[in-house]
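The values are calculated or read from the model by the stated rules, or taken from the named source; none is laboratory data. What you see is a predicted model, and the numbers here were worked out from it, not measured in a lab. Cβ atoms come from the backbone with ideal geometry, glycine included; neighbour counts cover every protein chain shown.
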Protein chains: 2
Amino acid sequence: MSVHVDAAGNIRGCYPATRPGMPRLFIGSHLDTVPRAGAFDGVLGVVLAVALVKCLSERRFKFQIEVVGFSEEEGVRFGVPFIGSRALAGTVDDELLNSCDGDGVRVRDAIRAFGLDPSRIGDARVDDDAIGYLEFHIEQGPVLESLDLPLGVVQAIAGQSRIDVVFEGKANHAGTTPMNLRRDALAGAAEWICRVEREAQNTRGLVATVGRLDVQPGAGNVIAGHALASLDVRHADDAIRKQAAASFLAGANEIATRRGLSVSWESRLDQASVAMDASLVESLGQSVQHSGYPVHQMVSGAGHDAMIMAGRMPAAMLFLRSPGGVSHHPDETVRPEDVAAALVAGKEFLEKLEESALS
Amino acid sequence: MSVHVDAAGNIRGCYPATRPGMPRLFIGSHLDTVPRAGAFDGVLGVVLAVALVKCLSERRFKFQIEVVGFSEEEGVRFGVPFIGSRALAGTVDDELLNSCDGDGVRVRDAIRAFGLDPSRIGDARVDDDAIGYLEFHIEQGPVLESLDLPLGVVQAIAGQSRIDVVFEGKANHAGTTPMNLRRDALAGAAEWICRVEREAQNTRGLVATVGRLDVQPGAGNVIAGHALASLDVRHADDAIRKQAAASFLAGANEIATRRGLSVSWESRLDQASVAMDASLVESLGQSVQHSGYPVHQMVSGAGHDAMIMAGRMPAAMLFLRSPGGVSHHPDETVRPEDVAAALVAGKEFLEKLEESALS
């Protein structure tokens, strides 16, 4: 492969086709991860792409293969994720370039300090010769392990709603306020958290999470007057997600009214789901099957570079089982035999692409 | 009255009896309150005692009256409450004297800096001539207001259990972990909070509060792995309180087991209830009634100096209605007509004591 660092700091390695001027298949993932994380999130997908090219033993296809290691996916430093893949998709804008890190350094300053010209970031945009994007990634969840499967074919990346919900009651003395004269914001929030969980359990494919709860004043001998709860709702079907979020908020209203509390909310994120390309999904499934592994199609609950690349070209993702469902943690790992399975399926995928009308 | 500051910094004013050598009735409350508080917690009881003596117009009884303004009740500075009343009760020990404030200043240092000798704090102890203690105090709760009553006769000060309860689950990705594969510590805590509330509502006279809930890691997109909840349980009957606390902990166990969580707890406080003196309670109730007000006996959910004084002599407390149930807040107030009612009832109480066998 001929390797270069592009205008957004992505590492790109080009493996030529049988002859010049042929279209291009991108295979990649991200090089960064979060602080105190493991060794496989993102970078396994880059290494797998390199290994896949290596095990071709210089065999050429009717398409070029471009391996990409994206420079910034997590959004840890600037609070904005997917900088590398957005550069390839051509959706980096001034707002992104002007985003600052904790020290007030802008994205454009960091690019310049790295030795690149931020005004030329558009050069990283892919040409019109792209035929698709394939990403290998650890699942970062427990589903494949629970099904005893090495691989999962991603059919869609779930849409997300993030909403902050605030219950307001009345802070009061825990000893002197009888139960029937309380307006306990935490008790109201607790009832709502149980309701969110119950409704999500009863809706196929839905996940809903309250992961943060800030209670004020937060003293053991004071009834809570204020409780801020985060709500995170995800589903592959945006209509189901929006319906669920609306139902959760209606539930909050009902609980607050009954308890003499007030409730308010603020939407923090409303991100549509992104479908993977049907033809590539089909082809990837067949590749898994021909490699001797059961095919399991699944929804990704987390965002990935494939979500961004899908805006520019047909995209597909192959998940590898995450032992213990652990990710973003030093215990994050993969099984060697699952990596081997992904490699075999990836090679099969390239063969299928070679046979298909696409190439 | 002849006034002096005692060895613990309490202000004490003595109003003589008809002749020397007669026993002594104490009437008082505390001079301190909490930061950012109101103008009536504690000091209203001292001012009412002074006003009561004043409105006697030099009429003497067969008992002395000693008005006490306690120097330290809240425990804000040293983390140890009731220093003033403990000095009168004779229960100040070295542990108390060596307690430090945030700057490392010990109680004994503060007493010395005030110009007193901490080794002589025992001098503040009351003599054996004490016949009782009466305390006027704002209710600091909403009960009297909800009943449209100016005054309440305290029959007991509730015992308290304070317990920290920790639910441990598994922190995980909010997007990639299906509902049925979660071990959500916050959802478990929420279910338990609802259960505590429901059981307390169904137990007459019981108050149970979860006022603090610390959730880890506490991010909107991460399922909570850890939740620490404070539990505060109070009742006038220690057996009922202990039974309730045990039931709450059994409930936590049941919920944790069902959800695949672990739960542990640590007792922070187990303080027995303190009954007011039955004879003084009866007499105070009659005084309220003879003054033209309905008699309402009630349990104090908060601790008071009367709780300490009850260890040394018969004690009684009269609560004044707290508008809005507000205390420890700048909006804390009292109605002038309720103060007048307390004064009339207090005078009646002195007359009853004069008539009774006690004097």
(request) For A:Ala130, state whether it is in contact with a Lys or Arg (Cβ under 8 Å, 6 or more places away or on another chain), at pLDDT 95 or above, crowded, with 22+ Cβ neighbours inside 10 Å and closer than 30 Å to A:Arg86 by Cα. (result) no
(request) Identify the single condition in (1) part of a helix (DSSP H, G or I); (2) among the small types (Gly, Ala, Ser); (3) modelled with pLDDT under 95 that B:Ala87 does not satisfy, given that it satisfies every other one. (result) (3)
(request) Tell me, yes or no, whether region B:324-333 has at least one residue that is more than 14 Å from every other protein chain (Cβ to nearest Cβ), in contact with a Leu (Cβ under 6 Å, 6 or more places away or on another chain) and at pLDDT 95 or above. (result) no
(message) Taking the criterion of being in a loop (DSSP other than H, G, I, E, B) and surrounded by 24 or more Cβ atoms within 10 Å (Cβ to Cβ), would at least one residue in region A:21-29 satisfy it?
(response) no
(message) Any residue in region A:285-299 that is in a strand (DSSP E or B) sitting within a Cβ distance under 7 Å of a residue that is of a type in the set (Gly, Ala, Ser)? List the pairs, counting only those 6 or more apart or interchain.
(response) A:Gln297/A:Gly285; A:Met298/A:Gly152; A:Val299/A:Ala156; A:Val299/A:Ala158; A:Val299/A:Gly205; A:Val299/A:Ala236
(request) State whether the residues of region A:196-213 include one that is of a type outside the set (Asp, Glu) and in contact with a Pro (Cβ under 6 Å, 6 or more places away or on another chain). (result) no
(message) Contact list please: Cβ distance under 6 Å, first residue in region B:214-225 and free of Cβ contacts under 8 Å to residues at least 40 places away in the same chain, second residue assigned to a strand (DSSP E or B), pairs at least six apart or on different chains.
(response) B:Asp214/B:Leu228; B:Val215/A:Leu213; B:Val215/B:Ala227
(message) Just to be sure I understand, how many residues within region B:300-323 are of a type outside the set (Gly, Ala, Ser), within 14 Å of chain A (Cβ to nearest Cβ) and not in a helix (DSSP H, G or I)?
(response) 5
(request) Examine region A:140-148 for a residue that is acidic (Asp, Glu) and either surrounded by fewer than 24 Cβ atoms within 10 Å (Cβ to Cβ) or over 19 Å from the mean Cα position of the chain (by Cα) (or both), and state whether such a residue exists. (result) yes
(message) Can you confirm whether B:Glu337 is farther than 17 Å from B:Ile65 by Cα, among the acidic types (Asp, Glu) and not in a loop (DSSP other than H, G, I, E, B)?
(response) yes
(request) Give just the number: which of (1) buried (at least 24 other Cβ atoms within 10 Å of the Cβ); (2) more than 14 Å from chain A (Cβ to nearest Cβ) does B:Lys347 not satisfy? (result) (1)
(message) Condition first: within 14 Å of chain B (Cβ to nearest Cβ) and under 27 Å from the mean Cα position of the chain (by Cα). Can you find one or more residues in region A:128-137 that meet it?
(response) yes
